[in-house]
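**Q** The following block contains the structure, expressed as C-alpha cells.
The values are calculated or read from the model by the stated rules, or taken from the named source; none is laboratory data. The structure presented is a predicted model; accordingly, all values stated were derived computationally and were not measured. Don't worry about glycine lacking a Cβ; one is built from the backbone with ideal geometry, like all the others, and counts go over all protein chains shown. Just so you know, the surface numbers come from the protein's heavy atoms only, side chains and all, with ligands and any DNA or RNA stripped out. Shrake-Rupley method; radii C 1.70, N 1.55, O 1.52, S 1.80 Å.
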Amino acid sequence: MGEQLMEPEKVYDKTRPIASYRRRRVKIRSDQQEPPPSPSAEPQEQPYLVRTTNHDDSTGSDDDSSESEEEHSAPPVDVSDMCLLPSPSLLPSFRTHVAYYIWSGTERGVLKCHSHISKLLSWKIDTDVEDRSWKSLFKKSGLLWVRSCSYKTPSKNLIAAFVERWHPETNSFHFPFGEMTITLDDVHCLTGLSVVGLPVQSNRLECTPGDKDVMNLLGIGKRQIKKAVGGKRGSSIKLPWLRKTYMKNMTSEDENDVLYAARAYVMYTFGCSIFADKSGDRVPTAWLEYLEDMGGIHEYAWGAATLAYLYRQLGLASRFKTAQMAGYLTLLEAWIYEHFPSLRPPRNMDFQSPKPLSLRWAPEGHCGATLTRVKITLGRHVSSNTSRRTPNAHV
C-alpha cells in the first residue's frame, strides 16, 4: 500500500479577548516545528472552563484602611453558562476582575469614590499673606495647584466605567483598538505636579517615625500627640486635628510656628487629595520624613508618586469584591475628559494658559449620566476609534 499523504495540520492564531494586538501570539507557519511539550506541562491549546471561585489575590486586598469595608459577594454561575476562554497567562488575575463577572452577566454597580477635596478647601487660607510666611515654603513644593485645580465631587459613574477596563498586569485601560494609560506627561500637564526630581521611595514610607520625631517635626507635646496619633492607627495622624491645631498659626509672626503649620498643611493636602485613602480622616505619619527639610521638598517628584498611587488604587478597584476607591480621582477624571470628547463636561470659560489643563473643564454642578449611559457613550466612542485605526496603531 502506498504511503498516504498527510494534510498539514492547521494552526490557528491564538488571540485573547482582553490582550492588545501587540501581545497576540504570531501565527506559526507549517514549515516551523514547535518544541514538544513536557509530560507534566498542560497543553496550552486546551482551553479551560471559567468557574466562579474565591481566589486570594494580592491585588484584591487594601492596606490603606483597617476598617471593615462593604464588599460585593460573588454570585454562583451556572455550569451551563460557563464561558470557554483561552488560558489567562497574560492576565493571571482575570478571574477576580470585575470584567469577568460582567461577562457572566453580573454587574457590580457603582463604586464609592472617596474624595476629600471639600475638606481641603475647609482649611481657610489668607491669599494676601506675604511670601515671607508659609506661602513661600508651600509654593516651592510644587503642590500649590492641588488646591485650586481639584474637582470637589468625583463622577462616580464615569470612574466605574473606566475601572472595568483597567488591568493591573499592564497598568493600562484595555480597548478593542489597543491600550491607553495615564503617563507622567499627563500628570504634569493636567495637575501641574512635578514629575522630575528625587523619587518618593516606598521603603521609606514603611518606616513609621516615633512619637519623638512627630513631636519635633510638628512642635507638639506628649498630651497633644496622644490626641493626634492615638488609637488603633498609631501610624497616622487625624486630619481634623491638623486643621484645628495649625490653621490659626498660618499667619503667626513666629518662624517656628509657620514652619510647623506649613508641614501640617502639606500633610493635610496629602491626606485629602493626592494620597487620599479610604479612611477619610487620616494621613500616614511616614510622610513627615519627606517634610523634615521644607526648603528641599520641591526636589521630589510628587507627580510620579501620585501616579503610582493611583495605579495601585485602580488595581484594587478592578477587583469585583472591592466596593470603594481612593486616590487622586481628579487626575483620572481630567485624563478622561482630555482623551474622550464624548464624555466631557461643559468648558470652563475662565480658563487661561498656562494653568493646569484640569481647570479647562467644569464638572462641578454638571448632571452626570448614569452608569449605563456612560458605558453606552464609551462603547460608541471606542467603536468609532476601532473602525478608524489600523491593527498596528499604538495609543
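**Q** Out of A326, A301, A305, I need the residue that is over 27 Å from R380 (Cβ atoms), open to solvent by 10 Å² or more (accessible area, probe 1.4 Å) and either touching a residue at least 60 places away in the same chain (Cβ under 8 Å) or not β-branched (V, I, T) (or both). Which one?
**A** The conditions single out A305.
**Q** Additional query: Among (1) closer than 17 Å to Y328 by Cβ; (2) in contact with a helix residue (DSSP H, G or I) (Cβ under 7 Å, 6 or more places away or on another chain); (3) part of a helix (DSSP H, G or I); (4) among the hydrophobic types (A, V, I, L, M, F, W, C), where does I274 come up short?
**A** In the conditions (1) closer than 17 Å to Y328 by Cβ; (2) in contact with a helix residue (DSSP H, G or I) (Cβ under 7 Å, 6 or more places away or on another chain); (3) part of a helix (DSSP H, G or I); (4) among the hydrophobic types (A, V, I, L, M, F, W, C), I274 misses (3) alone.
**Q** Determine if region 304-313 includes at least one residue that is closer than 15 Å to V266 by Cα and among the aromatic types (F, W, Y).
**A** no
**Q** Which condition number does A262 fail, the rest of (1) open to solvent by less than 10 Å² (accessible area, probe 1.4 Å); (2) in contact with a His (Cβ under 9 Å, 6 or more places away or on another chain); (3) more than 30 Å from T181 (Cβ to Cβ) being met?
**A** Of everything listed in (1) open to solvent by less than 10 Å² (accessible area, probe 1.4 Å); (2) in contact with a His (Cβ under 9 Å, 6 or more places away or on another chain); (3) more than 30 Å from T181 (Cβ to Cβ), A262 misses just condition (2).
**Q** Could you figure out which of (1) in contact with an Asp or Glu (Cβ under 9 Å, 6 or more places away or on another chain); (2) in a helix (DSSP H, G or I); (3) closer than 26 Å to P199 by Cα; (4) at pLDDT 90 or above isn't true of T306?
**A** Condition (1) is where T306 drops out.
**Q** Let me ask something additional. Which members of region 376-395 meet the condition of being open to solvent by 50 Å² or more (accessible area, probe 1.4 Å) and either part of a loop (DSSP other than H, G, I, E, B) or at pLDDT 80 or above (or both)?
**A** I376, R380, R389, T390, P391, N392, H394, V395, listed by residue number.
**Q** Quick one: which residue in L218, L193 is modelled with pLDDT under 90 and open to solvent by less than 30 Å² (accessible area, probe 1.4 Å)?
**A** Just a single option satisfies the conditions, and that option is L218.
**Q** In region 344-351, is there at least one residue being modelled with pLDDT of 85 or more, surrounded by fewer than 21 Cβ atoms within 10 Å (Cβ to Cβ), of a type outside the set (V, I, T) and outside any loop (DSSP other than H, G, I, E, B)?
**A** Checking region 344-351: at least one residue is modelled with pLDDT of 85 or more, surrounded by fewer than 21 Cβ atoms within 10 Å (Cβ to Cβ), of a type outside the set (V, I, T) and outside any loop (DSSP other than H, G, I, E, B).
**Q** Still on this model: Checking the conditions here, which among L359, L331 is in contact (Cβ under 8 Å) with a residue 24 or more places away in the chain and open to solvent by 10 Å² or more (accessible area, probe 1.4 Å)?
**A** Among L359, L331, only L359 is in contact (Cβ under 8 Å) with a residue 24 or more places away in the chain and open to solvent by 10 Å² or more (accessible area, probe 1.4 Å).
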